[in-house]
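Here, each number is a calculation from the coordinates, and none is a lab measurement. Computed from a prediction, not measured in an experiment: that's the story for all the values here. Using ideal geometry, Cβ is built from the backbone for each residue, glycine included, and neighbour counts are taken over all protein chains shown.
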Amino acid sequence: MTDTKPMDRRHPLRNSRVDQETARHIPDTPQTRSPSYKLAFTDDDFMFRDELRPVRLQLELLKPEILMEEFGVESTIVLFGGARIPGPDKKETAKTETLAELSKYYNEARDFSRIMTERAKGNGHRENVIVTGGGPGVMEAGNRGAKDAGGLSIGLNIVLPHEQAPNEYVTPELCFNFHYFAIRKMHFLMRAKAIVVFPGGFGTLDEMFESLTLIQTGRMNRVPFLLFGRSFWENIINWEALADAGTISPKDLELFKFVETAEEAVRAIDDWPEEGPRDEIVGRES
């Protein structure tokens, strides 16, 4: 197991943690009871002010970055997919006939994650670590497959109006919670070596299209980009119509590939052409 002990950064200055403890034992006076006297970094009311949003954004970027680095995570395989897709054993609980049919992708996600995690054993599970949104459905299947293989997996949860807990298969030390969708999506992609998208709803579509846009515009290196379930995706998105209309280039349709099974997905990743960054937007005059 990777040593997760924080780096020892020695310096001659007094430690902020020591001052935090000292401040708890100061004399009780009208001045020390005033909110203005609180140390800024221990003052929740101050930290939650609108003016402190840039600080909160930075903290949300830094915390997972530092902890994943300390844990030794070097690269990831991203799994996007719907929270409402049940496992085959819960197929009868599906709210629609389509969701019941899509339940087959739960096992495909689980098998894919298991295979990719087994292949990562040789590098100590530092490379190609499975990362999901940490929730139910396809996300649970991805984390579960990694656990089946005895490996690590990451869960990037987000606070929602309705109660949501991370699924039980996420590696506890790599289970994170977010307030900002934008920062969460950055963490999905910062270490991505492949992106695999299963059927899903608005959240999945948002994640998929932002990732495709980053690749299409040269803001992200091209990586294997796989869509599970051709019939689902072609039913909800008329890809060819976008190209025919000229709003995307026909070459943009080559940025992703449809697959149906875990084994097919693994082969597609292995056979994906080696490509670096794209320096220009495809189909747009320079």
Cα-only Debye scattering, segment 136-285: base-10 log of I(q)/I(0) at q = 0.19, 0.20 Å⁻¹ = -1.38, -1.49
query = So who's got an amide H within less than 5 Å of the one on residue 130, skipping anything under 5 residues away but keeping other chains? H placed 1.01 Å off N, in plane.
reply = 77, 154
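Please state the charge dipole magnitude for segment 52-271, taken about the Cα centre, from unit charges on C-beta atoms (+1 on K and R, -1 on D and E), reported in debye and rounded to the nearest 20. Please list the in-between numbers first.
Working: 25 positive and 31 negative charges, 92 e Å.
Magnitude of the dipole: close to 440 debye.
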query = What list of ³J(HN,Hα) values in whole Hz, one per residue of segment 92-100 in order, does the Karplus curve 6.51 cos²θ - 1.76 cosθ + 1.60 (θ = phi - 60°) give from phi, with Gly and Pro shown as x?
reply = 5, 8, 4, 6, 9, 5, 5, 4, 4
task = Give 90/121; 185/257; 91/185; 95/251; 38/63 a once-over and call out the pairs whose C-alpha atoms are over 26 Å from each other.
result = 90/121; 91/185; 95/251
task = Report, by chain and number, residues whose modeled amide H sits under 5 Å from the one on residue 227, excluding near sequence neighbours (fewer than 5 apart, same chain).
result = 197, 257, 258, 259
task = Please list the non-local residues whose amide H lies under 5 Å from the amide H of residue 158, H modeled 1.01 Å from N, same-chain partners needing a gap of 5 or more.
result = 178
key: Dipole of the chain [Lys/Arg +1, Asp/Glu -1 at C-beta], most positive-end residue of 273, 105, 160   = 160
inquiry  = Please give me the summed charge of the neighbours of residue 153: other residues whose Cβ is under 12 Å from its Cβ, Lys and Arg +1, Asp and Glu -1.
reply    = 0
request  = Report ³J(HN,Hα) in whole Hz for each residue of segment 122-134, in order, from the Karplus equation J = 6.51 cos²θ - 1.76 cosθ + 1.60 where θ = phi - 60°; Gly and Pro get x.
outcome  = x, 9, x, 6, 8, 9, 6, 6, 5, 10, 10, x, x
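Report the relative contact order of segment 52-271, percent, no decimals, based on alpha-carbon pairs under 8 angstrom and at least 6 residues apart. Could the numbers behind the result be given before it?
Working: 384 pairs, mean separation 46.4, N = 220.
About 21 percent, as a whole number.
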request  = Using only alpha carbon pairs under 8 Å that are at least six residues apart, calculate the relative contact order of segment 117-221 and give it in whole percent.
outcome  = 21
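Applying a 10 Å radius around every beta-carbon, put 184-191, 244-251, 96-103 in order of their mean neighbour count, most first.
Working: 184-191: 18.6, 244-251: 12.1, 96-103: 15.4.
So the peptides 184-191, 244-251, 96-103, ranked by packing, come out 184-191, 96-103, 244-251.
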